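Q: To start, I am sharing the structure in question, which I have written as structure tokens.
FYI, it's all coordinate maths here, none of it is from the lab. Nothing here was measured: the structure is a model prediction, and the numbers come from that model. Here the Cβ is made from the backbone with ideal geometry for all residues, glycine too, and neighbour counts use every protein chain on show.
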Amino acid sequence: MAAEKSSIKIITLIAADGSVFEVEPNIVKEMKTVQSYIDELDQNTVSIPLPNVFGNDLAMIIEYCKKHASEEETKEAKEEFDFEFVKRMKSDDKLRLLQAASYLNMESFLQFMAKAIAAEIENQSVEFVRDYFQIESDFTPEEEAELRKENEWAFK
Amino acid sequence: MSQEKHCVPKLMNQEDCKVSLLDIPDVILDCILKRLPPLDLFRVSQVCTYLRNIGRSDDLWETHIEHKWSKLVGNDAHHEWQWHTTKIINEGSIIFLPENKENLLLQQSLSGSCGTISGDSPFLRLHSYLKSYKGLNGLIRNYSKMALYICLETGRFCFPAQVYKATRFTLYCYDALVCYDSKTDTFRARSPNGGRHMIEKDIHWDRLRKPPHNTFLVDFYHSNCLNDLKPGDHIEIQKRRRRALPYCEWWYAVVCHLGSCDKDINHCSCRNSDTLVLEFNQYSHTVTYSLTRSAINSKVYVELTCLAGIRKLTDDEEIIKWKNLIFTRNQELRLAE
């Protein structure tokens, strides 16, 4: 079993929109959902459907995993990559990637995205956060009034 | 291999997939909230009832308290906070009635709610106070940890702490009720005797400490180290400000050899002597005091010497702190000369 598993050379990931990605086994190590799938299979070639992740997102995740799995890259280069990686994402991308990370069960990528999202809602208004998370206020008028009052004194 | 696990509805279009907060599992939302600074966490908790309930959870705010306040807010302060919260929860809007005239005086001199009181009349001492009112009481009842953070941060909670003080001739640590000023990132210290008198302001973090166990506002510190003290040991000793007043400050000293000892480790018997010699540090020289070990616990002796309980310093950090204070003071005085 162990010998067979190590003979797996290429893993094929199929995203929700049908796009196909061929990656090396070390790239999916971080994706616990995928890894457990592989561990259960008894084959040399593996093809895994990921109906919850879009092609664009999966491409980004794989790019991230490749960079971080690489042993040649320095810590500084990885940090630089992370910085640029977050910079080119839109707000929606971040939330979708966070969801994907949760679905794929990728601990460190999940923390990375959580940090990026936290940075985005830092120093923003309540309205901004509502808009960002696609959520409407469900406070009663009394509660709203209480919150307004709270703002006047709490951190003053 | 169960196929079901991976059979989730297929998403057709990326644009359709706007992620709402409700799609994010709690555990993951927690990861985001944990990374928010206090003010942002507070703001996020005003977004909707769902975010209010998790954004104000004790766990999240405990982390912020730990991060900013744990080096200063110790058991004494937590005990006082507990006292205030219990009072607010139990008594609701009923006003706390003072038991005697002195309590009344304490109450009237402050605008908030008094913490625990110790000592005998007329030397009553207040261990904390809280500038509280209706709105804040609501927060305290429902979200105690967040309320504590807010009260510390905004200086509403005046909590027990000890303030280091170093001048040319003195070097000690005194008990005070301190409150924080976030604008200047400094503290104000008030006297525990009535709480009315401000003693000092603009106190920086490094001049404060959380009171070690059983050292805050105690008339006599009972130690079991008295007979083990030997030359080279670092100690703090309680010293009364004035005779007949129970108020003490903690003075730093080092145990040294007796005058008759030749300071040779091989035949030094200072440890067994009933006389204990302490060396106090002053700017230009040191002052030594001889004490009688067997008499230290006696009331008359305390009255006579104004010195009370001794606490041996076993924590290197505490010793280093005193040494740094001496160093900084000496440097400042030298520059001023």
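Q: How high is the FRET efficiency between B:Arg243 and B:Lys68 when r is their beta carbon distance and R₀ equals 41 Å, given to the nearest 0.05?
A: Efficiency for this residue pair is about 0.50.
Q: Classify the range A:35-87 as rounded, prolate or oblate from the Cα gyration tensor: take a ≥ b ≥ c as the square roots of its eigenvalues, call it rounded if a/c is under 1.5, otherwise prolate when a/b beats b/c and oblate if not.
A: Here the range A:35-87 falls in the oblate category.
Q: Residues with amide H under 5 Å of B:Gly309's amide H, sequence separation 5 or more or different chain, H placed in the peptide plane at 1.01 Å from N; which?
A: B:Tyr221, B:Gln238
Q: Quick query: amide H of B:Ile199 versus all other amide H atoms, modeled in the peptide plane; which residues come in under 5 Å with a sequence gap of 5 or more or a different chain?
A: B:Ala189, B:Arg190, B:Ser191
Q: Report ³J(HN,Hα) in whole Hz for each residue of the range B:208-217, in order, from the Karplus equation J = 6.51 cos²θ - 1.76 cosθ + 1.60 where θ = phi - 60°; Gly and Pro get x.
A: 10, 9, 7, x, x, 3, 6, 10, 8, 6
Q: Pull up all non-local amide H partners of B:Thr292: gap of 5 or more, or a different chain, and H-to-H distance under 5 Å with H placed in the peptide plane.
A: B:Leu276
Q: Just to confirm the number: angle between the C-alpha axis of helix B:75-91 and the first principal axis of chain B, 0 to 90 degrees, nearest 10?
A: Relative to chain B, helix B:75-91 is tipped by roughly 50 degrees.
Q: Right, here's the next one. I need the phi-derived Karplus couplings for the range B:168-182: 6.51 cos²θ - 1.76 cosθ + 1.60, θ = phi - 60°, integer Hz, Gly and Pro marked x.
A: Whole-Hz 3J(HN,Hα) from phi for the range B:168-182: 3, 10, 10, 7, 7, 9, 10, 7, 7, 9, 10, 9, 9, 10, 5.
Q: If packing is taken as the mean number of other Cβ atoms within 10 Å per residue, what is the order of B:143-152, B:54-63, highest first?
A: B:143-152, B:54-63
Q: What is the average number of partner chain Cβ atoms found within 10 Å of a Cβ in A:135-144?
A: Taking all residues of A:135-144 together, the mean is 3.
Q: Quick one: order B:Ile203, A:Ile14, B:Ile89 by neighbouring beta-carbon count within 10 Å, fewest to most.
A: Ranking B:Ile203, A:Ile14, B:Ile89 by Cβ neighbours within 10 Å, fewest first, gives B:Ile89, A:Ile14, B:Ile203.
Q: Just counting partner chain Cβ atoms within 10 Å, what average do the residues of peptide A:89-96 show around their Cβ?
A: Going residue by residue through A:89-96 and averaging, the value is 3.
Q: For the range B:226-336, what is the relative contact order in percent, using Cα pairs closer than 8 Å and at least 6 residues apart in sequence?
A: Dividing the mean separation by the residue count of the range B:226-336 yields 29 percent.
Q: Using only Cα atoms, tell me the angle between helix B:144-153 and the longest principal axis of chain B; keep it within 0 to 90° and round to the nearest 10.
A: Helix B:144-153 sits at roughly 60 degrees to that axis.
Q: To test your reading of the geometry: what angle, between 0 and 90 degrees and rounded to tens, separates the Cα axis of helix A:55-69 from the longest principal axis of chain A?
A: Tilt of helix A:55-69: around 70 degrees.
Q: Straight-line reach from A:Lys156: which lysines fall under 17 Å, measuring Cα to Cα and dropping same-chain residues less than 8 apart?
A: B:Lys131, B:Lys134, B:Lys183
Q: To continue, here is another question. Give me the inter-chain shielding for B:133-140: mean count of other chain Cβ atoms within 10 Å, whole number please.
A: 2
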